[in-house]
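Notes for the one structure printed next.
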């Protein structure tokens, strides 16, 4: 069970966005993708989700060629958690999560008891059962993210793509969401997330991929990736990376902040 | 950084971590008191209530009018017409009553319920597929096209059913034209449709204005104006026979696709990621909604506000999920237009055109909805 991307290239009209990307995300692992704004992280997700016109290269999901799968077949393998979801209408949390079960319904049917049971289990699993009847518009940022993850879980796909799941969250909610993501991976999901937080990705991922200008910069374990050199080439900022708590955490500080000139 | 500092930070960090772990365990506590959950009717009871309301309003509507008909006589007349319950000698009602009930009131009641249901369902559908709470049934030019078609037919001296036919055909043609043009609009497909709809609508409205300008002010101009104001006066069985099939052909798919419609209100990308082919569902819903709008407008003229106000009112009652919103909007739209039509035909002998009344009722009501306490849309 895995997500395999081989020599993936993609261009909008003539502007190249992704250039010869290759990597593999494994089951039971969290893969974090780091990269500055606008380097093609979202485009990469859209390619994997089949939302964009043909790309070159290969994407293999759980052994199946993604380009040969229909929208419906692909949704059985991959579930997606968008960065921000702003429903126009004020659905209840329960209805939003129920939407994740649509894939296994017949064209003309609405979700029934089995789907509802699945939704209840997912809400329970993430500890948000009491939100079930709340209006989505009345939930906090952290709760929304968990609701969206619940919706991805009921889709019964083994690969989860999360687009900056901790952006706009406070510290406590970031931790809550990241711990859930990590424990999902432990349960067997293949988790791929984008993030702008190197420290978090160090603590909560099994692999880190850095990308810049549509190309893969480096790929490896957090210990291999989170160092001065990679951070410098990734963000073009001089950084000091210090190790804390027996190297269980690493902290990046811009050199300009700690240099004596200040 | 000296060593002391680092040490201090580290001890603080440890303290923080233990607190955070504690916090993450009961993160939801302390938020409970503010949980504003939906105070709404559940779907199935709402549907039963609305069906009962519709039956009650329908019976009430028969008894209202210039020839008073009691409930007993009404039921007897209907029973006799449909099931042949009474012999000629047993009739205890007058022929006049029978004519009023069967030839005048019944078609009008059926038509107002159908038109109300169609406009309301179309409004709810367009609001969903365009992810725009302000969308109404005429957003793609169906009303403007029908208005022009009817004006042209009246101008050319067509007779009753042909006016309806002409309005229906022009309405569908207009929306087809909007679709065609939207393909060349730069930017998003959905935005393109809405922009093309606005543009083509105003073009056809200008055409209608021109026809009014050159029409004979003694007989045709009033007729065109009256048609455009929307009215169910003079509803006939032939009207019903003409529109009932296209209306059902649109309403049934809208009912069947209502769960998918829920999913595509989340946007195309999310819908596709959940396995729903948003593009195809959207087209199917738009075609169905257009078909029912064109059918409704072609028999009733332009009746505004129903498609905008009723779905929003129903969202207040059953929530936003189309699973219940779609059927309840259909029932609610039917009830609303039936009752407004009752006012229209009973308040003055001449009968105020229903389009004016729906605006009088709808606009203030909508203001109340958007300014009042409660959900935002």
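The values are calculated or read from the model by the stated rules, or taken from the named source; none is laboratory data. These numbers were taken from a predicted model, which means no experiment stands behind them. Here the Cβ positions follow ideal geometry from the backbone for every residue, glycine too, while neighbour counts run over all protein chains shown.
For residue B:343, the conditions (1) surrounded by fewer than 24 Cβ atoms within 10 Å (Cβ to Cβ); (2) away from every other protein chain (no Cβ under 14 Å); (3) within 16 Å of the chain's Cα centre (by Cα) are fulfilled apart from (3).
The combined condition, being away from chain A (no Cβ under 14 Å), in a helix (DSSP H, G or I), at pLDDT 90 or above and crowded, with 24+ Cβ neighbours inside 10 Å, is not fulfilled by residue B:169. For the residues B:85, B:78, the requirement of being part of a helix (DSSP H, G or I) and either at pLDDT 85 or above or more than 22 Å from residue B:243 (Cα to Cα) (or both) singles out B:78.
Here's the yes/no breakdown for (1) surrounded by fewer than 24 Cβ atoms within 10 Å (Cβ to Cβ); (2) part of a helix (DSSP H, G or I); (3) within 14 Å of chain A (Cβ to nearest Cβ):
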residue: B:122; (1), (2), (3): no, yes, no
residue: B:126; (1), (2), (3): no, yes, yes
residue: B:131; (1), (2), (3): yes, no, yes
residue: B:135; (1), (2), (3): no, no, yes
residue: B:138; (1), (2), (3): no, no, no
residue: B:143; (1), (2), (3): no, yes, no
residue: B:148; (1), (2), (3): no, yes, no
residue: B:162; (1), (2), (3): yes, yes, no
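What is the residue count in segment A:191-202 for residues that are in contact with a helix residue (DSSP H, G or I) (Cβ under 8 Å, 6 or more places away or on another chain) and surrounded by fewer than 17 Cβ atoms within 10 Å (Cβ to Cβ)? Number satisfying all stated conditions: 0.
Only one of A:183, A:110 is facing chain B (nearest Cβ under 9 Å) and either assigned to a helix (DSSP H, G or I) or touching a helix residue (DSSP H, G or I) at 6+ places or on another chain (Cβ under 8 Å) (or both). Can you tell me which? Before you say what the answer is, go through the steps one by one.
Numbers: A:183 fails: facing chain B (nearest Cβ under 9 Å).
The conditions single out A:110.
Scanning segment B:269-313 for residues that are under 22 Å from residue B:189 (Cα atoms), away from every other protein chain (no Cβ under 14 Å) and surrounded by 24 or more Cβ atoms within 10 Å (Cβ to Cβ) yields a count of 4.
Considered as a group, the residues in segment A:96-107 that are within 7 Å of chain B (Cβ to nearest Cβ) and surrounded by 23 or more Cβ atoms within 10 Å (Cβ to Cβ) include one that is nearest to residue B:130 (Cα to Cα), and that residue is A:99.
Taken across segment A:56-67, residues that are touching a helix residue (DSSP H, G or I) at 6+ places or on another chain (Cβ under 7 Å) and either within 8 Å of chain B (Cβ to nearest Cβ) or without any contact (Cβ under 8 Å) to a residue 12 or more places away in the chain (or both) do not occur at all. Does residue A:144 fit the bill of being modelled with pLDDT under 90, within 18 Å of the chain's Cα centre (by Cα), farther than 25 Å from residue A:16 by Cβ and more than 8 Å from chain B (Cβ to nearest Cβ)? No, not satisfied. Residues that are under 26 Å from residue A:140 (Cα atoms), surrounded by fewer than 19 Cβ atoms within 10 Å (Cβ to Cβ) and more than 7 Å from chain B (Cβ to nearest Cβ) within segment A:71-91 comprise A:83, A:84, A:86, listed in sequence order.
Within segment B:229-255, the set of residues being modelled with pLDDT under 90, within 23 Å of residue B:305 (Cβ to Cβ) and assigned to a helix (DSSP H, G or I) comprises B:229, B:239.
If I go through segment A:9-59 residue by residue, how many of them are in a strand (DSSP E or B) and either over 14 Å from the mean Cα position of the chain (by Cα) or buried (at least 20 other Cβ atoms within 10 Å of the Cβ) (or both)? Steps first, please.
Step one: of segment A:9-59, the residues in a strand (DSSP E or B) are A:9-12, A:15-26, A:30-34, A:56-59.
Still in the running and either over 14 Å from the mean Cα position of the chain (by Cα) or buried (at least 20 other Cβ atoms within 10 Å of the Cβ) (or both): A:9-12, A:15-25, A:30-34, A:56-59.
Result for segment A:9-59: 24.
Tell me, please, whether a residue that is out of contact with any strand residue (DSSP E or B) (no Cβ under 6 Å at 6 or more places or on another chain) and under 30 Å from residue B:68 (Cα atoms) can be found in segment B:138-146. No, there is no match, as no residue in segment B:138-146 is out of contact with any strand residue (DSSP E or B) (no Cβ under 6 Å at 6 or more places or on another chain) and under 30 Å from residue B:68 (Cα atoms).
Checked against (1) touching a helix residue (DSSP H, G or I) at 6+ places or on another chain (Cβ under 8 Å); (2) crowded, with 17+ Cβ neighbours inside 10 Å; (3) in contact (Cβ under 8 Å) with a residue 24 or more places away in the chain, residue B:194 passes all but condition (1).
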